[in-house]
Amino acid sequence: MTLAFTIARCRQAAVGVLATLLWLTVTAAPPSLLDAARGPVDIPATTEPPRLGNAINDDVRRPRNYDLQPPTIPHRVDGYQIDKNFNKCLDCHARGKTDFSQAVPVSKTHYIDRSGKVLEQISTRRYFCNQCHVAQDAVPPLVGNGFEGLEAMAQRELPAAPAAKPKARR
């Protein structure tokens with residue numbers, strides 16, 4: 001065998017390997033793009049949305065998990081008009097209407113504009129309630145949540161304070 005013949009055989013083998021790899025990549029199925037929240041359906045595929053259940057409508061105020069957390073909405077709000085022309089929430093929660101409605105009044109902070117000026121009406125940056133406040137629905141969580149509030153962390157991390165010893169009398 002000559003050197004030229006060996007080089008030719010190596011070239012043929014390399015071309016064969018490259019052709020096989022090219023054929024495998026062209027004929028292989030594309031990788032599946034899945035999202036855990038959508039279930040076993042590719043992301044580009046159209047899906048049927050889940051049916052909406054009955055929103056929690058018990059008017060029970062829920063505890064907040066952290067400082068400055070916006071309170072959740074304890075009643076149904078589907079069908080509420082909240083746009084630049086009208087805000088249905090203010091029918092009950094505006095400060096001038098809470099005596100009659102017995103609803104929780106809008107926080108005083110919602111009447112302060114970006115520069116700190118106190119306004120007579122709700123600030124435009126606080127007008128769209130659903131930016132921060134959400135209604136609750138009785139559904140299982142999509143992902144686990146191990147959130148602990150500050151009080152729970154403090155109780156777990158800090159040792160119990162020792163009991164005070166009584167002072168001896170003289």
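The values are calculated or read from the model by the stated rules, or taken from the named source; none is laboratory data. Note that this is a predicted model, so its numbers are computed, not measured. We place every Cβ from the backbone using ideal geometry, glycine too, and count neighbours over all the protein chains shown.
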Within the stretch 82-93, is even one residue touching a Cys at 6+ places or on another chain (Cβ under 8 Å), at pLDDT 90 or above, surrounded by 10 or more Cβ atoms within 10 Å (Cβ to Cβ) and assigned to a loop (DSSP other than H, G, I, E, B)?
yes
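What number of residues in the stretch 84-111 are among the polar types (S, T, N, Q) and in contact (Cβ under 8 Å) with a residue 12 or more places away in the chain? Outline the logic, then answer.
First, pick out the residues of the stretch 84-111 that are among the polar types (S, T, N, Q): 85, 87, 98, 101-102, 107, 109.
Now restrict to residues that are in contact (Cβ under 8 Å) with a residue 12 or more places away in the chain: 87, 109.
Of the residues in the stretch 84-111, 2 are among the polar types (S, T, N, Q) and in contact (Cβ under 8 Å) with a residue 12 or more places away in the chain.
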Test each condition in (1) farther than 25 Å from PRO140 by Cβ; (2) modelled with pLDDT under 85; (3) of a type outside the set (Asp, Glu) for ARG51 and report the one that comes out false.
(1)
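Can you give me the number of residues within the stretch 38-57 that are in a loop (DSSP other than H, G, I, E, B) and loosely packed, with under 10 Cβ neighbours inside 10 Å?
Looking only at that region, the number is 10.
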With the requirement that a residue be part of a loop (DSSP other than H, G, I, E, B) and surrounded by fewer than 10 Cβ atoms within 10 Å (Cβ to Cβ), what does the stretch 98-122 give you?
GLN102, ARG114, SER115, GLY116, LYS117, GLU120
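On the basis of being assigned by TED's automatic domain parsing to the domain that holds TYR127 and at pLDDT below 85, does TYR66 make the cut? Break it down into steps so the answer makes sense when it comes.
Working: assigned by TED's automatic domain parsing to the domain that holds TYR127: yes; at pLDDT below 85: yes.
Here the answer is yes, as TYR66 does meet what is asked.
Counting only residues that are at pLDDT below 85 and in a loop (DSSP other than H, G, I, E, B), how many does the stretch 146-170 have?
Going residue by residue through the stretch 146-170, those that are at pLDDT below 85 are 147-170.
Of the ones still in play, those that are also in a loop (DSSP other than H, G, I, E, B) are 147-149, 158-170.
Count: 16.
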